[in-house]
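The structure under discussion appears below in the form of structure tokens.
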Amino acid sequence: MDSFWNEKPLTEEQDKKKETIQAIQQLGGANVPQLESNIYCLSVIGQIEGHLVMPSHNKTTKYEHVIPQIVAAEQNPQVEGVIVALNTIGGDVEAGLAIAEMIATMSKPTVSLVLGGGHSIGVPIAVAADVSFITETATMTIHPIRLTGMVVGVPQTFEYLEKMQERVIRFVVNHSNITEAAFRQLMFRTGELARDIGTNVIGRDAVGYGLIDRVGGLADAMAELNRLIEARKAGGPVQ
């Protein structure tokens, strides 16, 4: 009889140990905070992976994972706002633009926060939100579109690159306060990046150019998102 009653506590204890081990492996800590929130955090980290699979040692954000998350956040009535945390080196242009367009066309309030870096195609994702923030030490690299690997050297290839470049420029200009002339100047500047053309914009400079709305951290971004949520509930415009 004693052995029968001891079986259940032993099983529960084993389950708790298993959950603790999984939490340590996945999150680096034993205590996992459990919190029901009306805000969804979408992280864009590492390299944005498109149609080609990156090597296993690369930290990537897969667009086929991100897009369903955005759709789920849009459909979930419990989610009232989305914060996009960026620390990315860029990546696939079309995948990045797809993510940016999804964020820009959400009906719910969105706020982006550039942490560390929001480089290359990470720039359109950062400006896609209703309000964008960048930390003091974060950087954004603005440069023309490049191709890697074998390129067919025909006029059509260069025309395709030019059209893709125009898509990126048009999106950034339409979703930020930077002018097209200023953005092109940053993109094609020579002498600042080693073995490349472009500009590395840091913190307040990004705000000064009109690329990002404000300098701030997590608390600032969350406060602004909550303000936008309350404005939406009150029926006012989300600005």
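Ordered by residue, what ³J(HN,Hα) values in Hz, to whole numbers, does the range 81-89 give under the Karplus form 6.51 cos²θ - 1.76 cosθ + 1.60, where θ = phi - 60° and Gly and Pro are x?
Running phi through 6.51 cos²θ - 1.76 cosθ + 1.60 with θ = phi - 60° gives x, 10, 10, 9, 9, 10, 8, 10, 8 Hz.
Greater than 32 Å separation of Cα atoms is the criterion. Which listed pairs, K59/K108; K18/K108; K18/K62; K163/K233, meet it? Write down the numbers at each step before the final one.
On the way: K59/K108 29 Å; K18/K108 38 Å; K18/K62 29 Å; K163/K233 40 Å.
In this structure, K18/K108; K163/K233 exceed 32 Å between Cα atoms.
Just to verify a number: what accessible area does E64 come out at with the full protein assembly present, 1.4 Å probe, Å² rounded to tens?
Probe radius 1.4 Å; accessible area of E64 about 90 Å².
The values are calculated or read from the model by the stated rules, or taken from the named source; none is laboratory data. Nothing here was measured: the structure is a model prediction, and the numbers come from that model. These area figures cover heavy atoms from the full protein model, side chains too; ligands, DNA and RNA do not enter into them. Shrake-Rupley method; radii C 1.70, N 1.55, O 1.52, S 1.80 Å.
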